[in-house]
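See structure below.
The values are calculated or read from the model by the stated rules, or taken from the named source; none is laboratory data. These numbers were taken from a predicted model, which means no experiment stands behind them. Glycine also receives a Cβ, built like all others from the backbone with ideal geometry; neighbour counts cover every protein chain displayed. Ligands, DNA and RNA are excluded from the accessible area calculation, which covers all protein heavy atoms including side chains. Shrake-Rupley method; radii C 1.70, N 1.55, O 1.52, S 1.80 Å.
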Amino acid sequence: MMLTTHALVGALLAVPVAFVAPEYAPAALVAGFVGGSFPDLDVLARHRRTLHFPRYYGFAAAAVVPAVLAYPSAVTVAAFFFLAAAWAHSVADIAGGGPEPRPWEARSNRAVYDHFAGRWYAPRRWVRYDGAPEDLAIAVVVALPVAYVAPLVFLYAVAAALVVSAAYTVFRKRVVPVAERVETVSLVDD
Ligand SMILES: [Zn+2]
């Protein structure tokens, strides 16, 4: 899925905070948005492996829960939502296509690396590829509740994410040359 979809899904996780503890909602939304983006920084290393942890982010988020309950603060809340969003990203990538330059050709059998089991999850392709129309649809649907609770400043980030998502969806199949360069870099160690 697109980076922007992951970022919005990360922010979506934080939406309930706006109703339960609104004073922490800004920190939670930003942390979810950033945490949802974070794993894809490994596009310049071993993509879908170096910073994608479909198990460990979940364990880490669970480990932070007692700290959130004992010492609720912007810092502990943000730490939880950063880790939860990174975990959601890592798991969601299994539902998409592979990290290949033309994922709509569905040639890759690698979606996300499972460091615990030492093997790759295969792509499910429920979202066929990043930038597919269904990917954009998810971004739009997810953005609605986020926008509903978001402070004004954060609304700009949501709007920017949607604009970028729409442009990426339109031009996805024309950015293959760029993606191929990235792929070359990311597969150096494989
Ligand atoms: Zn990813």
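Go through the stretch 43-61 and count every residue that is open to solvent by less than 60 Å² (accessible area, probe 1.4 Å), modelled with pLDDT of 95 or more and not in a loop (DSSP other than H, G, I, E, B).
Number satisfying all stated conditions: 4.
Restricting attention to the stretch 156-176, which residues are in contact with a helix residue (DSSP H, G or I) (Cβ under 6 Å, 6 or more places away or on another chain) and either surrounded by 16 or more Cβ atoms within 10 Å (Cβ to Cβ) or farther than 20 Å from P133 by Cβ (or both)?
V158, A161, L162, S165, T169, listed by residue number.
Can you tell me how many residues within the stretch 1-42 are more than 10 Å from the ligand (Cβ to nearest atom), of a type in the set (G, A, S), under 23 Å from V140 (Cβ atoms) and in a helix (DSSP H, G or I)?
Matching residues across the stretch 1-42 total 9.
Return the pairs, sorted by first residue and then second, in which the second residue is open to solvent by less than 40 Å² (accessible area, probe 1.4 Å), the first residue lies in the stretch 29-43 and is polar (S, T, N, Q), the beta carbons are less than 7 Å apart, and the residues are 6+ apart or on different chains.
These pairs meet every condition: S37/H6; S37/A7.
Tally up the residues in the stretch 117-137 that are open to solvent by 60 Å² or more (accessible area, probe 1.4 Å), within 15 Å of the ligand (Cβ to nearest atom) and more than 21 Å from R55 (Cα to Cα), please.
Matching residues across the stretch 117-137 total 0.
Look at A86 and say whether it is at pLDDT 95 or above and more than 12 Å from the ligand (Cβ to nearest atom).
Judged against the criteria, A86 is not a match.
Take D114 and tell me if it is charged (D, E, K, R), within 15 Å of the ligand (Cβ to nearest atom) and surrounded by 22 or more Cβ atoms within 10 Å (Cβ to Cβ).
Here the answer is no, as D114 does not meet what is asked.
In the stretch 62-72, how many are exposed (fewer than 15 other Cβ atoms within 10 Å of the Cβ) and either free of Cβ contacts under 8 Å to residues at least 40 places away in the same chain or within 16 Å of the ligand (Cβ to nearest atom) (or both)?
Here the count works out to 7.
Within the stretch 78-90, is even one residue closer than 15 Å to L13 by Cβ and either surrounded by fewer than 18 Cβ atoms within 10 Å (Cβ to Cβ) or hydroxyl-bearing (S, T, Y) (or both)?
Yes, the conditions are met somewhere in the stretch 78-90.
Are any residues in the stretch 91-104 open to solvent by 30 Å² or more (accessible area, probe 1.4 Å) and within 12 Å of the ligand (Cβ to nearest atom), and if so, which ones?
Once the filter is applied, which keeps residues that are open to solvent by 30 Å² or more (accessible area, probe 1.4 Å) and within 12 Å of the ligand (Cβ to nearest atom), the stretch 91-104 yields only V91.
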